[in-house]
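K.L.:
Quick one: the structure is below, and I'll ask about it shortly.
The values are calculated or read from the model by the stated rules, or taken from the named source; none is laboratory data. Quantities reported herein were computed from a predicted structural model and do not represent experimental measurements. Here the Cβ positions follow ideal geometry from the backbone for every residue, glycine too, while neighbour counts run over all protein chains shown. Areas reflect the complete protein model, heavy atoms only, side chains present, ligands, DNA and RNA absent. Shrake-Rupley method; radii C 1.70, N 1.55, O 1.52, S 1.80 Å.
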Amino acid sequence: MQPRMKNIPSENAKNTDVSSLSHEITTGLRDGIPIAMGYFAVAFSLGIIAKKAGLTAALGFVSSFFTRASAGEYGVYTLVAVNATYVELIAMCLVVNLRYMLMSAALSQKLAPCTSWLHRILMACCITDEIFGISINHKGYTPPAYTYSAALISGLFWASGCAAGIIAGGMLPPTIVSALSVALYGMFLAIIMPFARTDRDVLYAIIASFVLSGLCAVAPITSEWNSGTRTIVLTIVITAVIAWVKPIETGDDGKA
């Protein structure tokens, strides 16, 4: 009898896997560069706030790299400036950034079933509004390498922008700082608006979010909530209604 051959992957299969991984890394870096450039501008204004709170450029770089949340960092630096307690800092970050839990749950539906728990946790840590936007719109399943690459390049620019803002200090006039602070929102609109042109359900969700957000900001009860809480509530309500009215059917390959 001939000896039983082991099931060894062919050289072609290995080359295909390496080529696919390289493609996803390159694509992630390419899609992350425009986000990174916008991040640098917004983080620069956060760096000016961090400078007033007494942070050094090194501390600003580290804190920004592991946070990457404009509202969260702004709240942290503001509380640091008034010598707030650690409990207050943690509570504020949880409330302001709680929406990322919703994004993580949504992104988990775009991962291949074989994706390990380690990759799932690390990808959740990479999520920002913009990284979530490009990851959730990836064709088919979203590979971890794609999200990691986009998060790495954008995170480095975000952290560098904050450090540069701290170095610059308060040298820039207030008008320029105000202009930089709204750049992030314009960039996020640039990510979602192209899909609104081809998908009416996305367009309706965007319109509803604008209208309801404005109404809740002036309504008697909801106006007393902070912006993070309003965002969480509106996200749950709007997405639940859209998912119930217009559910998306997906195949076994993860494609809609």
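K.L.:
For the stretch 49-63, state whether one or more residues are over 23 Å from LEU156 (Cβ atoms) and outside any loop (DSSP other than H, G, I, E, B).
P.N.:
So far as the stretch 49-63 goes, yes, one or more of its residues are over 23 Å from LEU156 (Cβ atoms) and outside any loop (DSSP other than H, G, I, E, B).
K.L.:
Can I ask one more? Do you know which residues across the stretch 221-256 are open to solvent by 70 Å² or more (accessible area, probe 1.4 Å) and modelled with pLDDT of 80 or more?
P.N.:
Matches in the stretch 221-256: ILE221, GLU224, VAL237, VAL241, TRP244, VAL245.
K.L.:
Out of the residues in the stretch 193-220 that are farther than 18 Å from ILE236 by Cβ and not in a helix (DSSP H, G or I), state the one that is most open to solvent (accessible area, probe 1.4 Å).
P.N.:
Ranking the candidates gives PRO220 first.
K.L.:
Does ALA84 fit the bill of being under 14 Å from the mean Cα position of the chain (by Cα) and either open to solvent by less than 40 Å² (accessible area, probe 1.4 Å) or not hydroxyl-bearing (Ser, Thr, Tyr) (or both)?
P.N.:
In short, no.
K.L.:
Taking the stretch 103-118 as the search range and keeping residues that are out of contact with any Lys or Arg (no Cβ under 7 Å at 6 or more places or on another chain), open to solvent by less than 30 Å² (accessible area, probe 1.4 Å) and in a loop (DSSP other than H, G, I, E, B), which one is farthest from ILE166 (Cα to Cα)?
P.N.:
Across the stretch 103-118, the extreme among qualifying residues is ALA112.
K.L.:
Still on this structure: Looking only at the stretch 96-118, count every residue that is under 17 Å from THR128 (Cβ atoms) and hydrophobic (A, V, I, L, M, F, W, C) and tell me the total. Show your work before the answer.
P.N.:
Restricting attention to the stretch 96-118, the residues satisfying the condition of being under 17 Å from THR128 (Cβ atoms) are 96-108, 110.
Next, from what is left, pick out any that are hydrophobic (A, V, I, L, M, F, W, C): 96, 98, 101-103, 105-107.
Final tally of qualifying residues: 8.
K.L.:
Okay, next question. Of all the residues that make up the stretch 18-44, how many are farther than 20 Å from ILE134 by Cα and surrounded by fewer than 24 Cβ atoms within 10 Å (Cβ to Cβ)?
P.N.:
Number satisfying all stated conditions: 2.
K.L.:
Right, TYR100: without any contact (Cβ under 8 Å) to a residue 40 or more places away in the chain, in contact with an Asp or Glu (Cβ under 9 Å, 6 or more places away or on another chain) and either closer than 23 Å to SER22 by Cα or part of a helix (DSSP H, G or I) (or both) or not? Full working, then the answer.
P.N.:
Numbers: without any contact (Cβ under 8 Å) to a residue 40 or more places away in the chain: yes; in contact with an Asp or Glu (Cβ under 9 Å, 6 or more places away or on another chain): yes; either closer than 23 Å to SER22 by Cα or part of a helix (DSSP H, G or I) (or both): yes.
Against the criterion (without any contact (Cβ under 8 Å) to a residue 40 or more places away in the chain, in contact with an Asp or Glu (Cβ under 9 Å, 6 or more places away or on another chain) and either closer than 23 Å to SER22 by Cα or part of a helix (DSSP H, G or I) (or both)), TYR100 qualifies.
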